[in-house]
Amino acid sequence: MNRTLILDCIEKTGEDVKICGFVQTKRDHGKITFIDIVDRSGQIQVVLGGGKGAGLHPQDVVCITGKVNKRPENLVNKNIPTGEIEIYSEEIKVLSKAAELPFDMGGKDLDLQLPTLLDYRSLTLRHPKIKDIFKVQSAILEGFRKACLKRDCIEIIVPTIAASSTEGGAEVFKVDYYGHKAFMTQSPQLYKQMLIPVFERVFTIAHAYRAEPSVTTRHLSETTQMDCEFGFVDFQDLLNLLEEIAVEMLTFVQEKYPHILEEFKVSKLATGKIPRLRLREAQEIIFKEFKRDNRKEKDLTPQDEVDICKWALEKHNSDFVTITHFPMMAKPFYTHPDPQDPQYSLSYDLLFRGTEILSGSQRINDFEMLAQSIQKRGMDPKDFEMYLQAFKYGMPPEGGFSYGMERLTKLLLGLENIREASLYPRDMERVDVRLSKKE
Ligand code: AMO
């Protein structure tokens, strides 16, 4: 008999089916055993007769052949799509036995401390609610791709080993590259720009490596960036693009997985017109409404981000707020100064539900100006030879931005820690296994 997916059993009441999946929970009632089986499509209750349930354990991999029955009215489970049916079976084949689990995985939530959740990652990812985080993440990627393709962008895959650092600063992993100096890229920035004269519009979903010196709930050492870059655009075009793509992408997720967002008890997207504030305007609001004077700082503090998002939701019914015009000295070398006020830059961050999820800027597209900007920051243009070549031979006005995939997932689902939004998070303390403390 061919395998039937669990969700498709709904259409097969009265028929014999074969389902294959994992034992989620097991309840023995004498010769009868109730087991919940999970496959990629969903979960179903199986009533196993003939004493066949003895010896079964959670996470055993099984195939079960049996009849799909309607459940008695008083036993219907309204919380799952297959809640009106169950399978009665006396035939079970165990494909793979699971070792005894270190903790109970049968509850609706997996109540574990974060270190345990990550120490047993290959196991904890199987829990339906944890799995749902990554279904949402996959939909974020799908929504992003759709929005970019719709705008005529070409998808590119770029290297993650490079001859120079991309974002500056000390947060860079060095690589011994056949005895030469090389770096893990902090972002796909330089390559996406280099490809503008080739394709005009590009996007990439790229690994980025940040040697973060501290442990926070919003930073990873290896992160995934969703990057766009557009040629022949100005600052206003870029602001429109980044906001439109964000709303489209998250609306797509909301429409694809409404039940998961409900399960995580998060509210629907507030999509009022997104307020745009210069950094100094945002800091003025923080000062007036929240009584903190950060008006001379070069960026918003984490608490400022929380508060300005609160303000955007209350006053504009928007889960997003765009902050522009950060000081030039706070931004990477490729950022274009504002011609009206060159101390400030044509840069922007997008904040979503209390945290920055995106950064970007109009870029310097003039070859000489770019080489000078590299020098001004104490770097050597020689280290950027391939990059500068793209500008030397003609570069249109251009700009772009980057969304942080894990941050977006965390904020959309209201997770406490960004590590929950990464399949296999890397941080100062962990590369799959916990790193031993340095002496
Ligand atoms: P930036 O460094 O701000 O900009 O990164 C863009 C977005 O990526 C996410 N992000 C991170 N997420 C988790 N852990 C980290 N350590 C981490 N670092 C960044 C954030 C952030 O908003 N090249 C520019 C983008 C551009 O100008 O196009 C850049 O990398 O959500």
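The values are calculated or read from the model by the stated rules, or taken from the named source; none is laboratory data. Every value quoted in this text rests on a predicted model; they were computed, and no experiment measured them. In this analysis, Cβ positions are derived from the backbone assuming ideal geometry, glycine residues included, and neighbour counts consider all displayed protein chains.
Data for the structure
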item	result
Residue count, region 213-223 (criterion: of a type outside the set (D, E, K, R) and more than 8 Å from the ligand (Cβ to nearest atom))	5
Test for Q389: is it surrounded by fewer than 22 Cβ atoms within 10 Å (Cβ to Cβ) and either part of a helix (DSSP H, G or I) or modelled with pLDDT of 95 or more (or both)	yes
Hey, I285 touching a strand residue (DSSP E or B) at 6+ places or on another chain (Cβ under 8 Å) and outside any helix (DSSP H, G or I) or not	no
Residue count for region 142-196, restricted to those that are within 22 Å of the chain's Cα centre (by Cα) and of a type in the set (D, E, K, R)	9
In region 174-198, residue surrounded by the most Cβ atoms within 10 Å (Cβ to Cβ) [restricted to those that are part of a helix (DSSP H, G or I) and more than 16 Å from the ligand (Cβ to nearest atom)]	P197
Which numbered condition L238 fails, given (1) buried (at least 18 other Cβ atoms within 10 Å of the Cβ); (2) part of a strand (DSSP E or B)	(2)
In region 241-282, the residues that are of a type in the set (S, T, Y) and in a helix (DSSP H, G or I)	T251
Among (1) more than 30 Å from S422 (Cβ to Cβ); (2) among the aliphatic types (A, V, I, L, M); (3) assigned to a loop (DSSP other than H, G, I, E, B), the one test that I87 misses	(3)
Verdict on I418 being surrounded by 13 or more Cβ atoms within 10 Å (Cβ to Cβ), among the aliphatic types (A, V, I, L, M), within 14 Å of the ligand (Cβ to nearest atom) and in the same structural domain as G231 (by TED's automatic domain parsing)	yes
Scope region 344-363; condition closer than 14 Å to F230 by Cβ, near the ligand (Cβ under 7 Å from one of its atoms) and among the hydroxyl-bearing types (S, T, Y); matching residues	S361
Those residues of region 160-173 which are closer than 27 Å to I245 by Cβ and away from the ligand (no atom under 12 Å from the Cβ), in sequence order	T160, A162
Candidate set: region 141-164, residues that are part of a loop (DSSP other than H, G, I, E, B) and touching a residue at least 60 places away in the same chain (Cβ under 8 Å); chosen: the one farthest from G399 (Cα to Cα)	A163
Top-ranked residue of region 77-95 - restricted to ones that are surrounded by fewer than 13 Cβ atoms within 10 Å (Cβ to Cβ) and over 17 Å from K52 (Cβ atoms), ranked as modelled with the highest pLDDT	K78
Of all residues making up region 30-67, the number that are assigned to a strand (DSSP E or B), surrounded by 17 or more Cβ atoms within 10 Å (Cβ to Cβ) and aliphatic (A, V, I, L, M)	9
Test: residue in region 248-255 that is at pLDDT 95 or above, over 18 Å from the mean Cα position of the chain (by Cα) and either loosely packed, with under 14 Cβ neighbours inside 10 Å or more than 10 Å from the ligand (Cβ to nearest atom) (or both)	no
Test: residue in region 197-214 that is of a type in the set (F, W, Y) and in contact (Cβ under 8 Å) with a residue 60 or more places away in the chain	no
Segments classed as strands (runs of 3 or more DSSP E), wholly inside region 298-372, with at least 1 members that are among the charged types (D, E, K, R)	341-345, 347-352, 355-362
Some residue of region 123-144 being in contact with a strand residue (DSSP E or B) (Cβ under 6 Å, 6 or more places away or on another chain) and near the ligand (Cβ under 10 Å from one of its atoms)	no
Selection within region 100-129 - hydrophobic (A, V, I, L, M, F, W, C) and either assigned by TED's automatic domain parsing to the domain that holds F22 or in contact (Cβ under 8 Å) with a residue 60 or more places away in the chain (or both)	M105, L114, L117, L118, L123, L125
So E305, is it away from the ligand (no atom under 15 Å from the Cβ) and either touching a residue at least 24 places away in the same chain (Cβ under 8 Å) or surrounded by fewer than 23 Cβ atoms within 10 Å (Cβ to Cβ) (or both)	no
Check on F287, aromatic (F, W, Y) and touching a residue at least 40 places away in the same chain (Cβ under 8 Å)	no
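Condition check ((1) in contact with a helix residue (DSSP H, G or I) (Cβ under 6 Å, 6 or more places away or on another chain); (2) closer than 21 Å to R40 by Cβ) across all residues:
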{"position": "L95", "(1), (2)": "no, yes"}
{"position": "L123", "(1), (2)": "no, yes"}
{"position": "H127", "(1), (2)": "no, yes"}
{"position": "I140", "(1), (2)": "yes, yes"}
{"position": "L149", "(1), (2)": "no, no"}
{"position": "T166", "(1), (2)": "yes, no"}
{"position": "F173", "(1), (2)": "no, no"}
